[in-house]
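Read the structure below first, then the notes.
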Amino acid sequence: MSYAAGRLIHDADSHLMEMTDVLDPYFEKRLLARYHDLPIYKWKHSHAHWMNEERARHEDAAYRAAAGDAILLKKNYEALGSFRREDRPAALDRLGFASQLVFTTFCLGNFGLDQSDDMELCYAAADAHNRMITDFCAIDRRLLAVAYVPLEDFQRAEETTRLAIRLGARAIMVPSLCPQHHSPSHIGLDPVWRLAEEAGLPILLHVGGEEKLNPVYKENGLPPVKDFHGGDDNFTSVSYMPIPQSAMQTLATLIFDGVFDRFPKLKWGAIELGASWVPGWMRSMDSAAHAFLRNEDRLQKLSARPSEIVRRSFRAAPYPHEDAGWIIRNAGDEICLFSSDYPHVEGGRNPLKRFDETLAGCTPTQIAGFYSENFIDLMGEGLAADLRRPDMKQSA
C-alpha cells in the first residue's frame, strides 16, 4: 500500500538531491569553466566524494528496494529517486501522490549569480538548470518540473521564461529577494508574467531565494547553535524567523503595484516558506491599503482589497510543524497546500499524520482544498486534466 493509501493528494514540494556535476551536460560549453570557477560551486563540489559514494550505493538493486520500503525514513541522498531519474517514478508510486512539483536543491539561489555583475553566467546557469530539471521530470508526467527565472535583466528574463516553457516546465520559480536595480513589480518584467499567464503556469517563490539572516545575530557570546543537520549553515530557531520576510515584501509590492490585477489569471505560490505569516500579512496589507488609499492612485486602482486578491490568486504551503487548520480558518479555505518536501529532512517522517492532526476541526471541503483542490487551482494548465482527479484506488 502506498503512503497516501488511496487518498487524492497532490504534493506542492519535492526535490532533487543533485550531484555536483549535474549541470555540466546542460551548460553552455564556453561558459562551463567560469561556472566551475565560482567559489560557491567549488565549496559544493568539495562534498562530491560522499555524493559519489551514494551514487555507487544506489546502483545496488537491493539498496534501492530497501530505500523504497522506507520511503519517508530515508532522507536526502539516501532516498529512492533522490537523484536517479529512473527511480523517481517508483518513489512516487510508493508515496501515492497524484502529482508532485519538483524543485532543485543544488541550484537553489542560483549560486548567488543573481546578485553578481555577471548576467551572462547568471542566465546561463538558470537555463542549464531548466534543461536539467525538465529532462529529469520527463520520465513521468506526474513529475512537474519547476524552472527558475532570475529577474535581474528584463530581456534575458523573458528569453529564459520562453525557453523554460518550451522545455516543458510546469511552473516558474522566481526569487523573493528583490532584484539589484529595480522592483520585482517593474513593468519591464510584465512579459515574464504574461508568458506564464498565457501558458497557464503558476509563478512560485521558494525558500533559498530570500534575504538571509544577518549573521551578526549569531554573535551572542554563547556557544554556536547547531542546525538539524549538525552544522551551522542551515536553519536554527533564530535564522528560521526571517524566512518569509522577503516573500511578504515582494508579494505585497506586486499586489500594490497592480501586477496581480494586470494578470488576473496568473496564480502565485509560496512553497517551503511556511504559511503562519499569511493571515497577519493579509490583514497588514488591508490596513496599509486603507491608510494610504487617499494618497496613492495605485491603491485606488486595485480591483479589490489586498486580502481578497490574495484569496483569488495566491496559495501557500505550510510546514508540517505549523497548525494548518488555524491558517485555513484565518486566511481562507483557498490558500493552503499540502507538501512533503521529499526527500528533505525538513518534511519529516509522517507529514500526513502531522497535518491531519491540525486539520481535525476543518470541514471536508477545507480538507479537500488542502490536499488537492487548491493545488489543482494553482497549477492550471501546468497539471494535465487527467492528472487532476485520477482514481487513486489503484495506488492504494
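Of all residues in the stretch 337-366, none that is free of Cβ contacts under 8 Å to residues at least 12 places away in the same chain and closer than 23 Å to residue 78 by Cα has its Cβ atom under 6 Å from the Cβ atom of a residue that is buried (at least 18 other Cβ atoms within 10 Å of the Cβ) and among the polar types (S, T, N, Q), 6 or more apart or on another chain. The C-beta contact set for the stretch 11-40 (first residue in a loop (DSSP other than H, G, I, E, B), second residue modelled with pLDDT under 95, distance under 6 angstrom, 6+ apart or interchain) comprises 19/51; 20/44; 20/45; 20/48. Checking each residue in the stretch 109-164 for being basic (Lys, Arg) and within 19 Å of residue 182 (Cβ to Cβ) picks out only 156. When we screen 284, 276 for residues that are under 30 Å from residue 344 (Cα atoms), among the polar types (S, T, N, Q) and without any contact (Cβ under 8 Å) to a residue 60 or more places away in the chain, the only hit is 276.
Close contacts from the stretch 114-129, counting a first residue that is of a type in the set (Asp, Glu) and a second that is modelled with pLDDT under 95 and not in a helix (DSSP H, G or I), with Cβ to Cβ under 9 Å and a gap of 6+ residues or different chains, come to 114/209.
Of the residues that sit in the stretch 1-10 and are part of a loop (DSSP other than H, G, I, E, B) and crowded, with 16+ Cβ neighbours inside 10 Å, which one is nearest to the chain's Cα centre (by Cα)?
Here is the first cut: in the stretch 1-10, the ones part of a loop (DSSP other than H, G, I, E, B) are 1-9.
Add one more test, that the residue is crowded, with 16+ Cβ neighbours inside 10 Å, and what stays is 2-4, 7-9.
Values: 2: 24, 3: 22, 4: 21, 7: 23, 8: 21, 9: 17 Å.
In this case the residue turns out to be 9.
Of the listed requirements (1) loosely packed, with under 15 Cβ neighbours inside 10 Å; (2) assigned to a helix (DSSP H, G or I), residue 189 misses just one: (1).
Annotation note: Cβ proximity below 7 Å between a residue of the stretch 180-201 that is under 23 Å from residue 145 (Cβ atoms) and in contact (Cβ under 8 Å) with a residue 60 or more places away in the chain and a residue that is among the charged types (D, E, K, R) and buried (at least 21 other Cβ atoms within 10 Å of the Cβ) (sequence gap 6+ or interchain) occurs for 201/170.
Taking the condition buried (at least 24 other Cβ atoms within 10 Å of the Cβ) and either of a type in the set (Lys, Arg) or more than 24 Å from residue 347 (Cβ to Cβ) (or both), does residue 125 pass? The answer is yes for residue 125. Of the residues 121, 108, the single one that is among the hydrophobic types (A, V, I, L, M, F, W, C) and in a loop (DSSP other than H, G, I, E, B) is 108. Report yes if residue 176 is surrounded by fewer than 20 Cβ atoms within 10 Å (Cβ to Cβ) and either at negative phi or of a type outside the set (Val, Ile, Thr) (or both), otherwise no. Spelling it out, it is not the case that residue 176 is surrounded by fewer than 20 Cβ atoms within 10 Å (Cβ to Cβ) and either at negative phi or of a type outside the set (Val, Ile, Thr) (or both). Restricting 77, 148 to those that are of a type in the set (Phe, Trp, Tyr), under 27 Å from residue 10 (Cα atoms) and in contact with a Cys (Cβ under 8 Å, 6 or more places away or on another chain) reduces the list to 148.
Is it the case, given these coordinates, that residue 26 is under 30 Å from residue 350 (Cβ atoms) and either touching a Leu at 6+ places or on another chain (Cβ under 9 Å) or at pLDDT 95 or above (or both)? The answer is no for residue 26. Which residues, taken from the stretch 232-277, are surrounded by fewer than 23 Cβ atoms within 10 Å (Cβ to Cβ) and of a type in the set (Phe, Trp, Tyr)? Of everything in the stretch 232-277, those that are surrounded by fewer than 23 Cβ atoms within 10 Å (Cβ to Cβ) and of a type in the set (Phe, Trp, Tyr) turn out to be 235, 240, 256, 263, 277.
The values are calculated or read from the model by the stated rules, or taken from the named source; none is laboratory data. Computed from a predicted structure; not experimentally measured. Neighbour counts are summed over all protein chains in view; Cβ atoms, including those assigned to glycine, are modelled from backbone coordinates with ideal geometry.
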